[in-house]
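The values are calculated or read from the model by the stated rules, or taken from the named source; none is laboratory data. What you see is a predicted model; the values in this text were computed from it and never measured. We place every Cβ from the backbone using ideal geometry, glycine too, and count neighbours over all the protein chains shown.
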Amino acid sequence: MNLVEVRLLRHFDAIYYTKSVTRAAQQLGQSQPTVSIGFGHLRKQFRDPLFVRTSEGMEPTPHATALIGRVRS
């Protein structure tokens, strides 16, 4: 895995947990646009959408699911 900013990994973890960019931003004490922009950088770096919007919130892609353990450790 390439070097990724810890701040962006926190964004990823919060979105994975909350299933929402807005709730992730609230949890992190940051603005929604800040988290959204950071998350866009992660998508480019991992070359994967990481999450897809559904009626139940942001659902992780298989790639995101494979990454979450390493991100949390």
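If only one of VAL52, VAL4, VAL71 is of a type in the set (A, V, I, L, M, F, W, C), part of a loop (DSSP other than H, G, I, E, B) and either in contact (Cβ under 8 Å) with a residue 40 or more places away in the chain or out of contact with any Lys or Arg (no Cβ under 6 Å at 6 or more places or on another chain) (or both), which one is it?
Details: VAL52 fails: part of a loop (DSSP other than H, G, I, E, B); VAL71 fails: part of a loop (DSSP other than H, G, I, E, B).
The match here is VAL4.
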Would you mind finding the one in GLN45, GLN30, GLN26 that is assigned to a loop (DSSP other than H, G, I, E, B) and not aromatic (Phe, Trp, Tyr)?
-> GLN30
With respect to GLY57, determine if the residue is in contact (Cβ under 8 Å) with a residue 24 or more places away in the chain and more than 11 Å from the chain's Cα centre (by Cα).
-> yes
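Kindly establish whether SER20 is touching a residue at least 24 places away in the same chain (Cβ under 8 Å) and of a type in the set (Ser, Thr, Tyr). Break it down into steps so the answer makes sense when it comes.
Details: touching a residue at least 24 places away in the same chain (Cβ under 8 Å): yes; of a type in the set (Ser, Thr, Tyr): yes.
Yes.
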Please indicate, with yes or no, whether at least one residue in the stretch 4-20 is surrounded by fewer than 13 Cβ atoms within 10 Å (Cβ to Cβ), under 15 Å from ARG72 (Cα atoms), of a type in the set (A, V, I, L, M, F, W, C) and more than 9 Å from the chain's Cα centre (by Cα).
-> yes
Residue list for the stretch 1-33, restricted to those being at pLDDT 95 or above and β-branched (Val, Ile, Thr) | ILE15, THR18, VAL21, THR22
Restrict the check to the stretch 52-60 and report whether at least one residue is among the hydrophobic types (A, V, I, L, M, F, W, C), surrounded by fewer than 17 Cβ atoms within 10 Å (Cβ to Cβ) and touching a strand residue (DSSP E or B) at 6+ places or on another chain (Cβ under 6 Å).
-> yes
